[in-house]
Amino acid sequence: MMRAFLALVSGAIFGAGLALSGMMNPARVRGFLDLFGDWDPTLAFVMGGAMLVMAVAWIVQRRMAAPAAGSDFHLPGTALVDARLIGGAVLFGIGWGLAGLCPGPAIASLGTALAPAAIFVAAMLAGMGLFKLTDR
């Protein structure tokens, strides 16, 4: 029960941060990605702030024996940069640039911009399903 409550609170804080920062606004995202036009640098500050918070979180995590709501940490391993990673990053970037949304903000946008976010989330889920079917 406590884990579910912590997940709910964490998700709500994350969603509020996405809304407050403008990450749920496709026009702002496209403005950030338009480096050679009317560039909007505000999301660079959002990303920089997120990197600072994450740097502190990694330092705190190293000093903890276990997470507050679990028995152990589930940290990603390191991997080499390969064609599959680069291809996925390129597809992610194309989708982000075309739609102005990425997965987190799209899911958060389901509460405010239902039709455009729902179309994006449906396409995202279809792509994930297609990957699952074709991945060896």
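Would you point out the residue of segment 37-92, among those that are among the aliphatic types (A, V, I, L, M) and touching a residue at least 40 places away in the same chain (Cβ under 8 Å), that is surrounded by the most Cβ atoms within 10 Å (Cβ to Cβ)?
First pass over segment 37-92, keeping only residues among the aliphatic types (A, V, I, L, M): 43-44, 46-47, 50-57, 59-60, 64-66, 68-69, 75, 79-81, 83, 85-86, 89-91.
Imposing the further condition that a residue be touching a residue at least 40 places away in the same chain (Cβ under 8 Å) reduces the set to 68-69.
Working: Ala68: 8, Ala69: 12.
Here the residue is Ala69.
Cβ-Cβ under 6 Å, sequence separation 6+ or interchain: first residue in segment 110-123 and touching a residue at least 12 places away in the same chain (Cβ under 8 Å), partner of a type in the set (A, V, I, L, M, F, W, C). Which pairs?
Every condition considered, the pairs that remain are Ala117/Ala106; Ala117/Leu110; Phe120/Ala99; Phe120/Leu101; Phe120/Ala106; Val121/Ala106.
Does segment 57-64 contain at least one residue that is among the polar types (S, T, N, Q) and modelled with pLDDT under 85? It would help to see each step written out before you state the result.
Restricting attention to segment 57-64, the residues satisfying the condition of being among the polar types (S, T, N, Q) are 61.
From what's left, modelled with pLDDT under 85: none.
Among the residues of segment 57-64, not one is among the polar types (S, T, N, Q) and modelled with pLDDT under 85, which makes the answer no.
Which of the following residues is surrounded by 12 or more Cβ atoms within 10 Å (Cβ to Cβ) and either under 23 Å from Ser10 (Cα atoms) or over 20 Å from the mean Cα position of the chain (by Cα) (or both): Pro116, Pro105? Step through it out loud before you land on a result.
Details: Pro116 fails: either under 23 Å from Ser10 (Cα atoms) or over 20 Å from the mean Cα position of the chain (by Cα) (or both).
Answer to the check: Pro105.
Could you tell me which residue of segment 17-50 is farthest from Ala99 (Cα to Cα), considering only residues that are of a type outside the set (A, V, I, L, M, F, W, C) and touching a Lys or Arg at 6+ places or on another chain (Cβ under 8 Å)?
Restricting attention to segment 17-50, the residues satisfying the condition of being of a type outside the set (A, V, I, L, M, F, W, C) are 17, 21-22, 25-26, 28, 30-31, 34, 37-38, 40-42, 48-49.
Pick out the ones that are also touching a Lys or Arg at 6+ places or on another chain (Cβ under 8 Å) and you get 22, 40, 42.
Values: Gly22: 14, Asp40: 17, Thr42: 18 Å.
Residue satisfying both the conditions and the ranking: Thr42.
Being at pLDDT 90 or above, under 26 Å from Arg3 (Cα atoms), surrounded by 10 or more Cβ atoms within 10 Å (Cβ to Cβ) and not polar (S, T, N, Q) is true for just one of Leu125, Leu110. Which residue is that? Even if it seems obvious, please write down each step before you answer.
Values: Leu110 fails: at pLDDT 90 or above.
None of the other options fit; the residue is Leu125.
What's the number of the condition Phe14 fails, among (1) assigned to a helix (DSSP H, G or I); (2) among the hydrophobic types (A, V, I, L, M, F, W, C); (3) touching a residue at least 60 places away in the same chain (Cβ under 8 Å); (4) over 30 Å from Ala115 (Cα atoms)?
(4)
The values are calculated or read from the model by the stated rules, or taken from the named source; none is laboratory data. All figures in this text were calculated on a predicted structure; none of them were measured in a lab. Don't worry about glycine lacking a Cβ; one is built from the backbone with ideal geometry, like all the others, and counts go over all protein chains shown.
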